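Here the structure is laid out as structure tokens; the discussion comes afterwards.
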Amino acid sequence: MLASITVVSLAFPVFGIQLPEWVVLAGRWIPALVSLLVLRLVPLEGGIGAWWRLRAGGVGRFFAGLGVGVLGLAAVYALTATIASLLGIGRLQTAGFLLAVLPTLVVTLLLITLSTFGEEVGWRGFLQKLLETKGFWGGAARVSAVWVLFHVPVHGVMAAQGTLSWGEAALVTVPLFALGLFLSAAVARFGSVWPAVFGHALPLASVNLLQDPGSLGPGERVTVATLEFGLLLVAASIVAPRRKA
């Protein structure tokens, strides 16, 4: 998976082409394709449904998982933005603005799931199941670490080509570790990949809940990212399945 995304990302600057935005969306399907190849070549017990964790366990459990994955993340972002505003880092968006953009957020979320599905069945489905013998936290930490590395080639090329600054690239890459732990916790708690598919697709971040986020200085953005990272770790620990006595 890491080799594939690295080759795809570096191909564009090698040929002097700006990395297009569609690569980010299409690249999310690399984990699914690689896991399919592994399932084809290696005799593993169970089919795609089991290894991709596609079984939701009933309608109630499906929507409960979606609620935790999407609304849980939204709550983390809202709390982060609230704390940031109390620290004097920007002002919260108005309720009127949030209600106005809510329909767009819902439609965008549903569309983005078409790409996050390809990523999550590979990471939080196949790989997380493969690492179950490491225990939840051991396996989830490994999945999240590899997931961060998976984004390095894309974000690195974007920074090298000027689409992102190096500081912005770091701020959108490093916090993925905590987000990955939360998504892994939701998958482990509900036994299916769907909470991660929809949670990952949430087109929102803490800075979006602050007015004029573009005016935030580097130090303020780091502070917001640090708050978000910490709260995601707390949320992951709350959602993660408890050890059996």
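What is the ratio of the Cα radius of gyration of the stretch 153-245 to 2.2 N^0.38 Å, with N the residue count, to two decimals? Numbers along the way, then the final one.
Details: Rg = 15.4 Å, N = 93, 2.2 N^0.38 = 12.3 Å.
Rg over 2.2 N^0.38 Å, computed on Cα atoms: 1.25.
Taking N as the number of residues in the stretch 1-141, what value does Rg over Cα atoms divided by 2.2 N^0.38 Å take? Mind dumping the intermediate values first?
On the way: Rg = 19.2 Å, N = 141, 2.2 N^0.38 = 14.4 Å.
Normalised Cα radius of gyration, the stretch 1-141: 1.33.
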Cα Rg over Rh - the stretch 89-196, Kirkwood: 1.04
Peptides ranked, highest mean first, by Cβ atoms within 10 Å: ranges 35-48, 140-153, 7-20, 188-201: 188-201, 140-153, 7-20, 35-48
Distant alpha-carbon pairs in the stretch 1-72 (separation over 13 angstrom), percent: 75 percent
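Based on the Cβ-Cβ distance from LEU130 to GLN18, what FRET efficiency comes out when R0 is 45 Å, to the nearest 0.05? It would help to have the intermediate numbers written out before the result.
Details: r = 36 Å, r/R0 = 0.80.
Plugging the Cβ-Cβ distance into 1/(1 + (r/R0)^6) gives 0.80.
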Values of log10 I(q)/I(0), in the order q = 0.13, 0.14 Å⁻¹, for the chain under a Debye, Cα-only, solvent-free model: -0.85, -0.98
Computed magnitude of the charge dipole of the stretch 78-197 (debye, nearest 20; Cβ of K, R +1, Cβ of D, E -1): 220 debye
About the Cα centre, charge dipole magnitude for the stretch 1-132 (Lys/Arg +1, Asp/Glu -1 at Cβ), debye: 200 debye
Note, ³J(HN,Hα) from phi for the stretch 138-155, Karplus 6.51, -1.76, 1.60, rounded to Hz, x at Gly and Pro: x, x, 5, 5, 5, 4, 5, 5, 5, 5, 4, 4, 4, 8, 4, x, 5, 5
Largest-first ordering by accessible area, 1.4 Å probe, given options LYS129, LYS134: LYS134, LYS129
Ratio of the Cα radius of gyration of the stretch 35-105 to 2.2 N^0.38 Å, where N counts its residues: 1.79
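With a Förster radius of 30 Å, plug the Cβ-Cβ distance of ALA26 and ALA95 into 1/(1 + (r/R0)^6) and report the FRET value to the nearest 0.05. Could you put the intermediate results ahead of the total?
Numbers: r = 36 Å, r/R0 = 1.22.
Once rounded, the FRET efficiency stands at 0.25.
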For VAL193, net neighbour charge (Lys/Arg +1, Asp/Glu -1) across residues whose Cβ lies under 15 Å away: +4
Cα radius of gyration and Dmax for the stretch 114-167 (Å): 13.9, 42
Rough spin-label spacing in nm, given labels placed 7 Å along Cα→Cβ, for VAL174 and ALA3: 3.0 nm
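Over the chain, what relative contact order in percent results from Cα pairs under 8 Å that are six or more residues apart? Before the final figure, lay out the partial values.
Working: 293 pairs, mean separation 80.0, N = 245.
Once divided by the residue count of the chain, the mean separation gives 33 percent.
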Accessible area of the chain belonging to carbon and sulfur atoms, whole % at 1.4 Å probe: 71 percent
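The values are calculated or read from the model by the stated rules, or taken from the named source; none is laboratory data. Since the structure is predicted, the reported quantities are computational estimates derived from the model, not experimental observations. Using ideal geometry, Cβ is built from the backbone for each residue, glycine included, and neighbour counts are taken over all protein chains shown. Accessible surface areas use protein heavy atoms only, side chains included; no ligands, DNA or RNA. Shrake-Rupley method; radii C 1.70, N 1.55, O 1.52, S 1.80 Å.
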